[in-house]
Structures are given as C-alpha cells and as structure tokens.
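Visitor: Submitted below is the structure of interest, expressed as structure tokens.
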Amino acid sequence: MTDPRHHERGEADPAITLVQGDITRESADAIVNAANSSLLGGGGVDGAIHRRGGPAILEDCRKLRASHLGKGLPTGRAVATTAGDLDARWVIHTVGPVFSEAEDRSDLLASCYRESLRVADELGARTVAFPAISTGVYRWPMRDAARIAVATVRAAETDVAEVRFVLFDERSYAVFAAEVG
Ligand code: ADP
C-alpha cells in the first residue's frame with residue numbers, strides 16, 4: 001500500500017486517450033497550444049485557440065512578454081495562461097521545434113510534452129489535452145511525432161490522470177492509435 005503521507009509524483013501513469021477533432025471543442029483542465037515563441041498568435045492550433053478562446057488569452061500572453069518572457073518562449077518550454085472562453089481552466093502554451101533533416105531535434109519535441117506536464121502539475125491540472133505538436137506548419141513527420149509524444153507521456157513523472165491526444169484528421173488519429181496500441 002502507498003502511504004498517502006508519502007505520496008510521490010508520478011506513482012500512477014496517466015491514462016492516454018485519443019480523440020479525433022478540433023482541440024478547441026474539448027473540455028479539460030488544461031488545453032495545450034502548439035504556439036510559436038512570440039506567444040502572439042499564429043496559424044493552425046494556435047489560431048484556432050485564440051479565435052475560440054477570445055482576447056483574454058492574448059492579453060495574458062502579452063503580459064508574459066512584458067514581464068519575464070521578454071524574448072519570447074524558448075523552443076521546448078511551456079507556460080500557462082487563462083483559457084478564456086474555452087471549456088478549460090488553462091491553456092498551456094508550448095513551442096515545438098521545426099523539423100529538420102539535418103539535425104535531430106527529438107529532445108526538444110519530447111521536452112514540449114514533459115514541460116507541459118510539469119506546468120500542469122504546478123497548476124494541479126488532472127486532465128490535459130494535447131495536439132500533435134510540430135506536425136503542422138513545423139513539418140514533423142506524424143509517425144515519428146506520435147512515437148515521441150506517446151513515449152514521453154508514458155515515461156513522465158506526473159500527477160496528471162488523463163492525457164488526451166486530440167488529432168485533427170483521420171490519418172493522424174490512426175497513426176496515434178497505432179502508436180498507443
Ligand atoms: P506546429 O506549428 O507545432 O506544427 P500546427 O498548429 O501547425 O502546429 O499543427 C499541429 C497539428 O495540429 C497538425 O497536425 C494540425 O493538423 C493539427 N491541428 C490544426 N488545427 C487543429 C485543431 N483546431 N485541433 C486539433 N488539431 C489541430
């Protein structure tokens with residue numbers, strides 16, 4: 001038996017669930033945004049989150065830029081803001097690496113998942129929805145991105161109970177489903 005007075009982080013692995021659809025329609029404690037380091041908006045998931053979440057998210061992002069993230073959020077790191085009008089308490093913004101044939105940036109992609117879960121733990125978020133980070137504009141091949149995402153979440157020491165991957169289309173859903181097994 002585990003003595004609750006000696007609870008250590010990550011004693012139970014998070015359950016991994018998969019959904020096909022638009023991440024801005026999800027209900028979760030935290031929704032992860034595939035942001036860019038400016039934190040001031042972009043396309044893909046980022047654009048959708050700001051559109052549906054409303055101006056409060058951008059307002060928080062601007063405050064972060066005006067305070068301790070003056071140069072923006074570095075690749076592989078994560079930071080939380082309000083979730084505005086989304087059905088969540090927080091948006092966790094993380095900056096994926098741009099895929100490169102010449103350089104292995106897998107550690108940075110893994111870091112996005114690890115750091116997002118670390119921020120989720122700090123917030124006390126128990127359910128966290130992730131998009132397939134870096135697989136859009138940043139061109140990471142879906143199969144490799146899924147392998148890194150699933151392995152990193154499985155290895156993470158976290159109190160998050162559910163990690164939900166929200167895949168935009170049928171193909172990315174199928175790739176993640178094969179990876180989760
Ligand atoms: P990145 O810049 O990190 O590549 P993108 O937002 O361009 O991020 O794409 C990441 C992944 O999210 C892609 O697989 C893309 O198809 C998918 N995507 C785009 N919009 C949404 C959405 N509203 N909900 C979930 N996934 C989305």
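The values are calculated or read from the model by the stated rules, or taken from the named source; none is laboratory data. In this text the structure is predicted, and so the values were computed from the model without any measurement. Counting neighbours? That spans all protein chains shown, and the Cβs are built from the backbone with ideal geometry, glycine included. Note: accessible area is taken over every heavy atom of the protein model, side chains too, but ligands, DNA and RNA are not part of it. Shrake-Rupley method; radii C 1.70, N 1.55, O 1.52, S 1.80 Å.
Visitor: For region 21-112, what is the charge dipole size about the Cα centre, in debye to the nearest 20, if Lys and Arg each add +1 at the Cβ and Asp and Glu each add -1 at the Cβ?
Guide: Dipole about the Cα centre, nearest 20: 400 debye.
Visitor: Could I ask something else about it? In deg cm²/dmol and to the nearest 500, what is the mean residue ellipticity at 222 nm of the chain if only DSSP H runs of at least 4 residues count, each as -39500 (n - 2.57), divided by the residue total?
Guide: Computed ellipticity for the chain at 222 nm equals -11500 deg cm²/dmol.
Visitor: Still on this structure: Could you work out the per residue convex hull volume over the alpha carbons of the chain, in cubic angstrom?
Guide: So the per-residue Cα hull volume is 116 Å³.
Visitor: Using the Karplus curve 6.51 cos²θ - 1.76 cosθ + 1.60 with θ = phi - 60°, work out ³J(HN,Hα) for each residue of region 40-53 in order, rounded to whole Hz, and write x for Gly and Pro.
Guide: 9, x, x, x, x, 4, 4, x, 5, 5, 5, 5, 7, x
Visitor: Now, a different point. Mind ranking 63-69, 87-93 by how tightly packed they are, going by the mean number of other C-beta atoms within 10 angstrom, highest first?
Guide: Ranked from most to least packed, the peptides come out as 87-93, 63-69.
Visitor: Rounded to the nearest 20 debye, what is the charge dipole size of region 15-180 about its Cα centre when +1 sits on each Lys and Arg Cβ and -1 on each Asp and Glu Cβ?
Guide: In total the dipole reaches around 320 debye.
Visitor: Would you give the gap between the C-alpha center of region 122-181 and the C-alpha center of region 61-100, rounded to a whole Å?
Guide: Using only Cα atoms, the two centres lie 18 Å from each other.
Visitor: When only C-alpha pairs under 8 Å and at least 6 residues apart count, what is the relative contact order of the chain, in percent?
Guide: So the answer I get is 32 percent.
Visitor: With a probe of 1.4 Å, find how much accessible area the chain has per residue, and write the answer as a whole number in Å².
Guide: 50
Visitor: Let me ask something else. How much of the accessible area of the chain, in percent, comes from carbon and sulfur atoms when a 1.4 Å probe is used?
Guide: That share works out to 49 percent.
Visitor: I've got another one for you. Does region 36-100 classify as rounded, prolate or oblate by the C-alpha gyration tensor (a ≥ b ≥ c root eigenvalues; a/c under 1.5 gives rounded; else a/b over b/c gives prolate, otherwise oblate)?
Guide: oblate
Visitor: Further, regarding this structure: Residue farthest toward the positive end of the dipole of the chain, with Cβ of Lys/Arg at +1 and Asp/Glu at -1: which of Leu58, Ala161, Phe99?
Guide: Leu58
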